[in-house]
Amino acid sequence: MMEQNNIQQFGSGDDEGKAATSASEVLPSGTGETGELVRITGLTKKYGKKTALSNVNLTLEPGRIVGLLGPNGSGKTTLMKILAGTIKDFQGSVTVNGKEIGPETKAIISYLPDTTYHSPWMRPSDMIALFRDFYADFDEQKCRGMLRRLGLDEKQKISTMSKGMMEKFQLCMVMSRNARLYILDEPIGGVDPAARDFILDTILTNYSEDATIFMSTHLISDVERIFDTVIFLKEGEIVLQGDIDNIREKEGKSIDELFREVFKC
Amino acid sequence: MANQYQANMPIYLQLVDSFKFKIASGELKAGSKLDSVRDLAIRYEVNPNTMQRALAELERDGLVYTDRTVGRFITENEELINKMRESTAHEIIGQFIRQMKRLGYSDLEALEMMKKVLEKGESQNDGTK
């Protein structure tokens, strides 16, 4: 069984009135005067009658690699879409770098969605042109360098790429921006272990001290070593948040093992 | 590669152990300069903050020191390194003895067996990670 003091459980029947006891206040999330990059308070999102996110409170500091973990349907993608600005109707407050979600935050967020976002006729060279026009922080040279190292041909139609190639390609695009916040929704789901290592390497190489990487994954054991913070999302609520090594030390088990315990079917 | 870290132990402590072993064995030479946190993090495939924490721990132990302008170095204190080398050896022997006990060998039997193995030269592979 889990220790009560580490797992913060929210009563399922709670409503907005109890917003005072938020995870970020109770748990040692280490927010300080260093400035916070992301601040989410009382975030609730419903799809019709179905609640996808329920009173989520979260702050993220710059210079972190944060793992967003949870089973299917726990609200990970919804949370990421809200941050990225593709879902606009939600309750609560979400700011990135002190700004409400909008054009200003989109300019500093690089988002890798869980689906492909290119048109079938496109080639990497077209995407590069598109990114060059759209994003002031796009580093074209960096992008071309990464594509070369991956052995991707700029002239190959994206629609003829394998799933793994496409994932690598999209990650190249997203990581080629000098953003403040990278939101990566399952960036390694469809690639082989060798490509997985390359992708993790890419993420670590592009890490910068004033940027934060917010990434969801199911392949926890493969990637937990590159996180410093993990967040467990369960049925739209944050049930655990903290420094990965503190959790490992306290629980005497890996995040992967803890995940299996918390989300046991 | 993904499983080079033990599941049940904080990663930074495993990094500390790995560095200590390399310093004790001379693989990391006394007084030599360490790579940047970022490069080390990439090489060890860990989060830079985790690497930072491991290095801070080594600094606290006096095994590593920082020269603000030049970078991070392995200590030149040979005495300290020797001490650590000895304590690492003790740990390994302790582990060996505990394992042998679990297998049902008495201390004397374990020692005899160790001698035999050493005489036969069966321990060529150096057992480093």
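The values are calculated or read from the model by the stated rules, or taken from the named source; none is laboratory data. Quantities reported herein were computed from a predicted structural model and do not represent experimental measurements. Using ideal geometry, Cβ is built from the backbone for each residue, glycine included, and neighbour counts are taken over all protein chains shown. Side chains included, ligands, DNA and RNA excluded: accessible areas come from the protein's heavy atoms. Shrake-Rupley method; radii C 1.70, N 1.55, O 1.52, S 1.80 Å.
Brief remarks follow.
- Taking the stretch B:1-99 and dividing mean pair separation by its residue count, relative contact order in percent (alpha carbons under 8 Å, at least six apart): 30
- The calculated FRET efficiency for the pair A:K157 and B:D17, based on their C-beta separation and a Förster distance of 56 Å, comes to about 0.70.
- Of the solvent-accessible surface of the protein assembly as shown, computed with a 1.4 Å probe over protein heavy atoms with every protein chain present, carbon and sulfur atoms account for 50 percent.
- Once the Cα gyration tensor of the stretch A:174-221 is diagonalised, semi-axes √(5λ) in Å: 19, 12, 9
- Helix A:163-175 vs. chain A, principal-axis angle (Cα, 0 to 90°, nearest 10): 80
- Bridge type composition, chain A - antiparallel percent by DSSP, nearest 5: 55
- Which listed pairs, of B:K29/B:K115; B:K29/B:K101; A:K106/A:K163, have C-alpha distances above 29 Å, in listed order: B:K29/B:K115; B:K29/B:K101
- Entries in A:K50/A:K81; A:K88/A:K142; A:K142/A:K234; A:K46/A:K99 that, when Cα-Cα distance is taken, lie over 27 Å: A:K88/A:K142; A:K142/A:K234
- Cβ-Cβ distance of A:D114 and A:R148, R₀ of 30 Å, FRET efficiency by 1/(1 + (r/R0)^6): the value works out to about 0.70.
- Once the 1.4 Å probe is applied to the protein heavy atoms, the protein assembly as shown comes out at 52 Å² accessible per residue.
- Cα extents for the stretch A:111-181 along the principal axes, largest to smallest and rounded to whole angstrom: 31, 24, 19.
- Here is the interface size for B with A: some 1900 Å² of accessible area buried, both sides summed, with a 1.4 Å probe.
- Two numbers describe the Cα atoms of chain A: Rg and Dmax, which are 18.5, 56 Å.
- Other protein chain Cβ atoms within 10 Å, averaged over every residue that makes up B:40-47: 5
- Using the Karplus relation 6.51 cos²θ - 1.76 cosθ + 1.60 with θ = phi - 60°, the per-residue 3J(HN,Hα) values for the stretch A:114-125 come to 7, 10, 7, 10, 9, 7, x, 7, 6, 10, x, 4 Hz, with x marking Gly and Pro.
- Equivalent ellipsoid, the stretch A:119-258 (semi-axes from 5 times Cα gyration tensor eigenvalues, Å): 31, 16, 13
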